[in-house]
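Notes follow once the structure below has been shown.
The values are calculated or read from the model by the stated rules, or taken from the named source; none is laboratory data. Predicted, not measured: the structure shown is a model, and the values here were computed from it. FYI the Cβ positions are ideal-geometry reconstructions off the backbone, even for glycines, and counts take in every protein chain you see. Accessible surface areas use protein heavy atoms only, side chains included; no ligands, DNA or RNA. Shrake-Rupley method; radii C 1.70, N 1.55, O 1.52, S 1.80 Å.
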Amino acid sequence: MTLKIISAEEIVFEGEVNSVTLPGSLGEFTVLRNHASLVSTLTKGKISYTDADGKLQSNEISGGLADVDNNVVSVCLY
């Protein structure tokens, strides 16, 4: 699946991932391939994802929105 992490200033990350864990307003949640569509607000915390090579990466965020649809996870940061 594709992960896009975008801020007002730059594209932080865009690439293929195996999974992504996000700090949702109601708690942390993980998205895998073929996940149901959803939209969620994000709180301050860490986005963690496993890239196509199986390497765990992470980014600290102060909040934002996440949209999951058709194996694309789009994260817009505040």
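For region 26-45, filtered to residues that are of a type in the set (Ser, Thr, Tyr) and open to solvent by less than 60 Å² (accessible area, probe 1.4 Å), the residue that is farthest from GLU60 (Cα to Cα) is SER40. Is at least one residue of region 54-62 part of a loop (DSSP other than H, G, I, E, B), of a type in the set (Lys, Arg) and without any contact (Cβ under 8 Å) to a residue 12 or more places away in the chain? Yes.
Candidates in region 46-65 are the residues that are on the phi > 0 side of the Ramachandran plot and either modelled with pLDDT under 95 or under 11 Å from the mean Cα position of the chain (by Cα) (or both); of these, the one that is least open to solvent (accessible area, probe 1.4 Å) is GLY64. From the set of residues in region 66-75 that are over 9 Å from the mean Cα position of the chain (by Cα) and part of a strand (DSSP E or B), which is farthest from ILE6 (Cα to Cα)? Filtering first and then ranking leaves ASP69. Quick check: is even one residue across region 4-11 of a type in the set (D, E, K, R), under 14 Å from VAL68 (Cα atoms), surrounded by 15 or more Cβ atoms within 10 Å (Cβ to Cβ) and in contact (Cβ under 8 Å) with a residue 12 or more places away in the chain? Yes, region 4-11 has at least one match.
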